[in-house]
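What follows is one structure encoded as structure tokens, with my remarks underneath.
The values are calculated or read from the model by the stated rules, or taken from the named source; none is laboratory data. In this text, all values refer to a predicted model and were calculated from it rather than measured experimentally. In this analysis, Cβ positions are derived from the backbone assuming ideal geometry, glycine residues included, and neighbour counts consider all displayed protein chains.
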Amino acid sequence: MKDHALTLTVNGAAHRITVPARRSLADALREDCGLTGTHLGCEHGVCGACTVLVDGAPIRACLMLAVQAEGAEIRTVEGLASGGTLNPLQQAFTDHHALQCGFCTPGFLMLATAMLEENPAMEEAEMVDRLSANLCRCTGYTNILRAVQAVAAARR
Amino acid sequence: MSVFGQSVMRLEDAPLLRGEGAFAADIDFPRQIHMRVVRAEMAHARLVSVDVTPALDLPGVIAAWSAADVAEVPPIPFRATKVRGLEPYCQPILAQGRVRYVGEPVAVIFAEDAAVAEDAADLVLVELEELPALLDAAAEPTDFDATRNTEPTIVRKSYGELDAAFRDAHVVVALDLAIGRHSGVPMETRGAIARYDAAQDVLELHGTAKKQHWNRDEIARLLGRAPSSVHLFEGHVGGGFGVRGELYPEDLLVCLAALRLRRPVKWIEDRREHLVATNHSREQRHRIRAAVDAEGRILAIDNVFFHDQGAYIRTHGARVADMSAGLLLGPYRVPAYRATGHFRLTNKTPAATYRSPGRFEGSFVRERLMDAIAARCGLDRVEVRRRNFVDVSEMPYARPLDALGTDVVLDSGDYALLLDKALARFGWDARVADVARRRAAGESVGLGLGVFVEKSGLGPSDGVRMTVDATGAVELVTGAASVGQGVETALAQIAAAALGVDYRRVRVVRGRTDRIEFGSGAHASRVTVMSGSATHQAGLALAALAKQTAAALLQTPEDALEIVDGVVRRVDTPEGASVTLGEVARALAPGTKLSRDRATPGLTVESWFHSDHMAYPYGVHLAQVALDRGTGQVKVEHYLVGYDVGRAVNPMLVEGQIAGGFAQGLGGALYEEFRYDERGQPLSTTFADYLMPTIAEMPPLDILVTEDAPSPLNPIGVKGAGEGGTNAVGAAIASAVDDALGGRGQVTQLPIMPRDVLRFLAEGAA
């Protein structure tokens with residue numbers, strides 16, 4: 001199988017990697033870039049645990065090939081905090097008990113990051129619709145919505 | 001103010017929010033290789049041959065095994081109960097002679113790369129000769145092998161004069177009820193990474209959960225090693241719910257391979273595998289009858305049921321059937337009872353526990369029965385429950401039954417009080433009136449309820465070791481485990497409250513067999529009760545030791561001292577002379593004068609808590625639903641969970657458990673089901689087919705946590721909070737849907753799918 005040398009730009013840093021054509025972006029982030037915060041929950045594009053931002057848009061990293069992401073600005077959960085400080089969305093997740101096991105959390109954080117950047121004045125119904133893209137098995141979702149709403153309210 | 005009972009923030013969150021967690025797939029070791037499992041593609045077949053040689057020819061493949069290569073390893077064991085004779089039905093780690101479910105491990109590949117291992121698995125030639133698949137546990141048993149049939153045992157429990165009660169009954173109510181097959185399905189699939197340290201002769205297994213010490217002992221036994229030479233480690237666990245952390249064939253296979261191949265072996269389950277390989281749960285059919293007097297009081301219940309265990313018995317033995325028999329009666333007084341549980345094998349993925357096992361099923365059955373009794377006797381559904389409650393004056397209430405090997409003694413509870421509180425909070429009476437108005441206007445809306453008793457705090461023993469180091473930091477080493485529910489925070493709060501420190505200074509060690517010799521793990525809502533009680537005792541003992549030592553250092557009587565925020569000081573002059581716990585620890589270091597008076601140096605204690613009986617939390621679920629007459633969709637308009645947990649260590653975490661548990665119950669009530677075709681091919685093998693609730697399906701959820709009945713069985717009064725959110729969701733939603741359909745008792749099965757609702761609506765119109 002042919003290997004491809006490429007550069008992924010993740011959270012502003014360049015990662016020069018060599019991967020087979022079939023390697024997904026999620027696997028490349030985890031195994032070739034060492035960024036294991038992006039999780040794989042289903043590998044068929046339903047659960048959203050692997051959600052990352054590619055040029056600002058939330059995508060399923062399990063459904064995109066690494067070679068397709070060359071030249072794009074990729075953002076993952078590892079890029080949210082600045083140094084020792086959680087960003088407001090991460091802080092809201094802990095304040096509102098929006099995570100339990102934490103496995104789906106990186107995906108929800110990235111999904112919500114894109115929502116809040118796009119429109120912090122988003123109505124609750126649209127927030128629910130957007131957040132229904134991802135699955136969580138622990139929290140029952142209510143606290144995730146509260147956390148996102150709290151950050152949206154602070155930004156307005 | 002004590003941190004016990006406060007909704008303080010979790011200690012667990014920071015690494016999880018930063019993407020710095022250590023889930024199974026995140027664990028790597030130098031020189032590791034990857035395992036891939038070849039699985040059976042027929043539900044029931046004679047295994048004619050397995051040829052792994054084509055796989056071995058692929059570059060990068062290191063080894064490939066079928067049953068003959070692992071014949072010396074005994075099958076997966078189960079935890080003992082009173083039920084005997086189950087051993088012949090246990091699962092071999094690779095199929096021998098027959099395959100009995102789609103997904104059964106038939107061969108394994110080991111390769112340098114996970115993708116190569118997967119490629120190689122496709123090359124293994126498996127010859128199967130199909131046999132008829134048995135898919136209905138209520139059908140006549142067939143042959144399991146040459147000498148045994150597919151009913152390993154019948155679970156029987158009874159007391160009282162059943163026949164007389166049915167003979168003298170005013171009415172007999174009989175129902176045929178079924179619960180669908182669904183399961184925990186955590187967001188993280190399973191994973192197992194084994195490493196053999198030849199230099200120390202120690203086998204390590206990483207990515208474990210739930211039951212490390214039992215699993216360690218069994219892995220050691222099955223592989224012929226001393227338990228002290230096998231260690232299990234727990235990182236982060238992406239949800240447990242009963243299914244994660246059990247001992248599965250893959251756990252043994254990675255361990256065996258690490259020993260044989262002398263390289264670390266990593267296996268990460270994919271989602272399709274998970275849905276056919278990890279424990280299923282719930283599927284049961286009950287033919288239940290109640291003898292009732294003229295006032296709607298229960299005289300006797302006869303509970304005949306068929307438990308669909310799937311293809312093999314794994315770690316739980318017959319425990320779910322045992323609980324379905326022993327815990328069915330819930331909050332009601334039942335003078336005579338008989339349970340006959342047909343524990344049966346079918347050609348489906350093996351089943352075991354899932355959050356509120358046996359009780360989600362039992363509550364659906366019992367509460368459907370209560371609704372039917374109300375209808376037959378012309379009584380209000382709420383009133384018939386009140387008439388049958390065990391009264392608070394009868395507590396503790398001993399039932400002549402056992403479950404999980406312990407006598408069922410309801411330790412405390414005021415069921416009528418919680419029902420009153422829940423109805424008031426929900427606005428039941430106003431909703432009854434509102435529903436009547438909307439029905440008159442042509443809508444199909446209804447209200448439902450489910451009342452239940454949970455169980456928690458399964459014994460017999462748990463211990464902790466609590467130590468303060470020279471900097472004043474506290475380490476709490478437990479035999480408990482964490483599946484993401486907040487164990488560290490809850491135990492740290494209990495420790496901090498008992499000792500007198502900031503809970504953020506307590507580091508909780510869990511899930512590691514190399515740090516504590518014994519442990520019972522995290523399941524059955526047991527950690528807060530058992531490990532929490534041991535922690536409380538340890539904290540008090542450590543505080544006493546610190547005061548005793550500080551008394552010598554400060555030349556002050558012990559009883560004049562208190563510990564606040566990690567400082568030992570005089571109660572009457574808090575600003576006067578004091579010592580920190582770190583200083584006390586240094587005064588007790590090995591070799592010091594004070595340490596020589598003690599058996600063990602250091603500011604450290606070990607404490608054990610023992611319990612012979614379970615603590616029984618209890619709850620009420622109330623639901624309001626509306627049916628879409630066009631699509632058959634059930635919309636849950638409002639829901640309330642009322643739950644008495646004795647005492648809440650952290651109300652925020654308790655509510656989090658209830659909300660998450662509710663969502664899972666909602667899945668089992670309306671959406672989730674493992675379906676099979678007539679040949680036993682699984683149809684629910686992706687998340688597009690196995691439908692778990694998203695935020696869009698969540699109704700407005702109100703949670704009422706009460707502390708009216710602390711448990712008398714432990715020093716902190718707690719009862720487990722993990723399963724009450726799930727327990728009666730099926731019961732309450734079924735009750736509400738049935739009410740919306742006119743209360744005719746049409747709802748007899750879970751999950752309630754849109755096609756069922758359309759059929760019920762058509763039946764009602766006919």
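Starting from residues that are of a type in the set (D, E) and in contact with a Ser or Thr (Cβ under 7 Å, 6 or more places away or on another chain), keep the ones in segment B:641-697 and report whichever is farthest from the other protein chains (Cβ to nearest Cβ). Explain how you work it out, then say what you get.
As a first pass, look at segment B:641-697 and keep what is of a type in the set (D, E): B:644, B:655, B:672-673, B:677-678, B:689, B:697.
Then drop every residue that is not in contact with a Ser or Thr (Cβ under 7 Å, 6 or more places away or on another chain), which leaves B:644, B:673.
Working: B:D644: 20, B:E673: 16 Å.
Among them, the one singled out is B:D644.
Checking the structure you have, find out if any residue of segment B:615-623 is aliphatic (A, V, I, L, M) and free of Cβ contacts under 8 Å to residues at least 60 places away in the same chain.
First pass over segment B:615-623, keeping only residues aliphatic (A, V, I, L, M): B:615, B:620, B:622-623.
Checking which are free of Cβ contacts under 8 Å to residues at least 60 places away in the same chain leaves us with none.
Within segment B:615-623, not a single residue is aliphatic (A, V, I, L, M) and free of Cβ contacts under 8 Å to residues at least 60 places away in the same chain.
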Taking segment B:603-656 and keeping residues over 26 Å from the mean Cα position of the chain (by Cα) and of a type in the set (V, I, T) leaves B:T604, B:V605, B:V625, B:T631, B:V634
Residue match in segment B:183-196 (condition: surrounded by 24 or more Cβ atoms within 10 Å (Cβ to Cβ), without any contact (Cβ under 8 Å) to a residue 60 or more places away in the chain, closer than 17 Å to B:R314 by Cα and not assigned by TED's automatic domain parsing to the domain that holds B:A669): no
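Which one of these is without any contact (Cβ under 8 Å) to a residue 60 or more places away in the chain and over 21 Å from the mean Cα position of the chain (by Cα): B:Y337, B:Y332?
On the way: B:Y337 fails: without any contact (Cβ under 8 Å) to a residue 60 or more places away in the chain.
Only one candidate passes the filter, namely B:Y332.
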Failed criterion for A:E117 (all others in (1) surrounded by 20 or more Cβ atoms within 10 Å (Cβ to Cβ); (2) touching a residue at least 12 places away in the same chain (Cβ under 8 Å); (3) outside the structural domain of A:H15 (by TED's automatic domain parsing); (4) farther than 14 Å from A:R146 by Cβ hold): (1)
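Tell me the strands (runs of 3 or more DSSP E) entirely within segment A:1-72 that contain at least 1 residues that are surrounded by 21 or more Cβ atoms within 10 Å (Cβ to Cβ) and at pLDDT 95 or above. Even if it seems obvious, please write down each step before you answer.
Working: elements: A:3-10, A:13-20, A:51-54, A:57-60.
Passing ranges, in order: A:3-10, A:51-54, A:57-60.
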Can you name the number of the only condition in (1) in the same structural domain as B:R84 (by TED's automatic domain parsing); (2) over 30 Å from B:P59 (Cα atoms); (3) in contact with a Lys or Arg (Cβ under 9 Å, 6 or more places away or on another chain); (4) touching a residue at least 40 places away in the same chain (Cβ under 8 Å) that B:A178 fails? (1)
Given the conditions (1) assigned by TED's automatic domain parsing to the domain that holds B:R262; (2) surrounded by 14 or more Cβ atoms within 10 Å (Cβ to Cβ); (3) within 29 Å of the chain's Cα centre (by Cα), report the number of the one that B:V124 does not fulfil. (3)
Considering each residue of segment A:4-28, count those that are among the basic types (K, R) and within 14 Å of chain B (Cβ to nearest Cβ), and give that number. 2
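Working carefully through the options B:G511, B:G413, B:G484, B:G463, find the one that is among the small types (G, A, S), part of a strand (DSSP E or B), touching a residue at least 12 places away in the same chain (Cβ under 8 Å) and crowded, with 21+ Cβ neighbours inside 10 Å.
Details: B:G511 fails: part of a strand (DSSP E or B); B:G413 fails: part of a strand (DSSP E or B); B:G484 fails: part of a strand (DSSP E or B).
Matching residue, one of B:G511, B:G413, B:G484, B:G463: B:G463.
Would you tally the residues in segment B:238-284 being of a type in the set (V, I, T) and either in contact with a Ser or Thr (Cβ under 9 Å, 6 or more places away or on another chain) or assigned to a loop (DSSP other than H, G, I, E, B) (or both)?
As a first pass, look at segment B:238-284 and keep what is of a type in the set (V, I, T): B:243, B:254, B:265, B:268, B:276, B:278.
If we keep only those that are either in contact with a Ser or Thr (Cβ under 9 Å, 6 or more places away or on another chain) or assigned to a loop (DSSP other than H, G, I, E, B) (or both) too, we end up with B:243, B:268, B:276, B:278.
Counting residues in segment B:238-284 that are of a type in the set (V, I, T) and either in contact with a Ser or Thr (Cβ under 9 Å, 6 or more places away or on another chain) or assigned to a loop (DSSP other than H, G, I, E, B) (or both) gives 4.
Consider segment B:83-135. How many of its residues are in a loop (DSSP other than H, G, I, E, B) and of a type in the set (A, V, I, L, M)? I'd like the intermediate steps shown before the answer.
So in segment B:83-135, the residues in a loop (DSSP other than H, G, I, E, B) come out as B:83-86, B:91-97, B:100-104, B:112-113, B:122-124, B:131-135.
When the remaining residues are screened for being of a type in the set (A, V, I, L, M), the result is B:83, B:86, B:93-95, B:102, B:123-124, B:131, B:133-135.
Selection size over segment B:83-135: 12.
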Residue identified as out of contact with any helix residue (DSSP H, G or I) (no Cβ under 7 Å at 6 or more places or on another chain), assigned by TED's automatic domain parsing to the domain that holds B:V654, assigned to a helix (DSSP H, G or I) and not β-branched (V, I, T) among B:A709, B:A732, B:A696: B:A732
